[in-house]
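Report on the following structure.
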Amino acid sequence: MKDLIAVLLLVMCFASCKKEVKITTETAGSSDSIKKEEPVAEQPVDSAAQMKAWQEYATPGAPHKLMADEVGTWNCEMTFWSEPNGKPEKATSTANVKMILGGRYQESNYQGTMMGQAFEGKSTLAYNNASKEYTTTFIDNMGTGMLVATGKYDESTKSMELKGDMVNPVNGKKTPYREIYTIVDAKTRKMEMFDVKNGEEFKSMEIIMKKK
C-alpha cells in the first residue's frame, strides 16, 4: 500500500507542478490577434501532507470496525410488498458476511428461496474516509442491474439511511430507492426498503436478520 501511495503522490506532484502554458491564436481576416492563456496551475500541495491524506484515506477506522462486528452467518426472514397496502409475501435466506481487502469493505452473500425459485445475491458496503459516507451495492440472480445507494449512519438511532435509484424493468425508467438499516441489538439487524409506485413511496421489503 505504501508503494502504491508513493506512486500516486509522484503522479499528483508531477501534474500539479507543470509550468504555465500560453496559447496564442489569430483569427483569419482580423487585424488583431486573440491571445488566450491557460489558468496558472495550482500550487503543489506539500508531499508530506499528500502522503498523510492518502494514509488516512486508506486506513480502516471506527466505521469499519462497526462493519466487522457483523462478520458471521445470519438467518434472514424476508417480507415483500409489490404495491402500497398490498398482500405481503414471505421468503427466507441465509447471509454470510465477511470483511475483504484488509478490513476495508464488507461483503455479504445471500442464498435462499424467493417466489419458489432459488435466490442468490451479493452486497458490498463501504465507508469512504474522505467523503464520510457509506455506499452499498447489491446484485442478484433475479435481474441484471446493480443497485447503488449512499448515506450516513446516525449514532442516536443506530440506523443508516441510504438513498439511490433503481430501474423499473417494466418501463425502463429510474425510480427513487431508499433503505433504512437498523442495528437492533448485537445479534439482530433490520433492513427496510422503500420503492415508489405512481408517485407514492411504500415499504417494498423488510428483512429481519438474526445472527447464528
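The values are calculated or read from the model by the stated rules, or taken from the named source; none is laboratory data. Predicted, not measured: the structure shown is a model, and the values here were computed from it. Using ideal geometry, Cβ is built from the backbone for each residue, glycine included, and neighbour counts are taken over all protein chains shown. These area figures cover heavy atoms from the full protein model, side chains too; ligands, DNA and RNA do not enter into them. Shrake-Rupley method; radii C 1.70, N 1.55, O 1.52, S 1.80 Å.
At a glance:
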{"read-out": "Built amide H within the under 5 Å cut-off of Met166, gap 5+", "value": "Thr175, Tyr177"}
{"read-out": "Accessible area of region 79-212 belonging to carbon and sulfur atoms, whole % at 1.4 Å probe", "value": "52"}
{"read-out": "GluC sites (Glu not before Pro) within region 104-190, DSSP loop, no more than 15 other Cβ atoms inside 10 Å", "value": "Glu155"}
{"read-out": "Student exercise, region 91-205 dipole from Lys, Arg, Asp, Glu Cβ charges, in Debye to nearest 20", "value": "160"}
{"read-out": "Segment Ser47-Lys87, length gained on full extension (0.36 nm per residue, minus Cα span)", "value": "8.4 nm"}
{"read-out": "Rg(Cα)/(2.2 N^0.38 Å) for region 115-182, N = residue count", "value": "1.26"}
{"read-out": "Region 89-118 and region 136-204: distance between their alpha carbon centers, rounded to Å", "value": "15"}
{"read-out": "Average projection area in nm² (convex hull over Cα atoms of region 81-212, one quarter of hull surface)", "value": "9.4"}
{"read-out": "Relative contact order of region 88-212, defined on C-alpha pairs under 8 angstrom at six or more residues apart (%)", "value": "12"}
{"read-out": "Phi to ³J(HN,Hα) by Karplus 6.51 cos²θ - 1.76 cosθ + 1.60 over region 96-113, Hz, x for Gly, Pro", "value": "9, 10, 8, 9, 10, 6, x, x, 8, 9, 9, 10, 10, 10, 10, 9, x, 10"}
{"read-out": "Nearest-0.05 FRET efficiency for Thr188 and Val167, computed from C-beta distance (R0 41 Å)", "value": "0.85"}
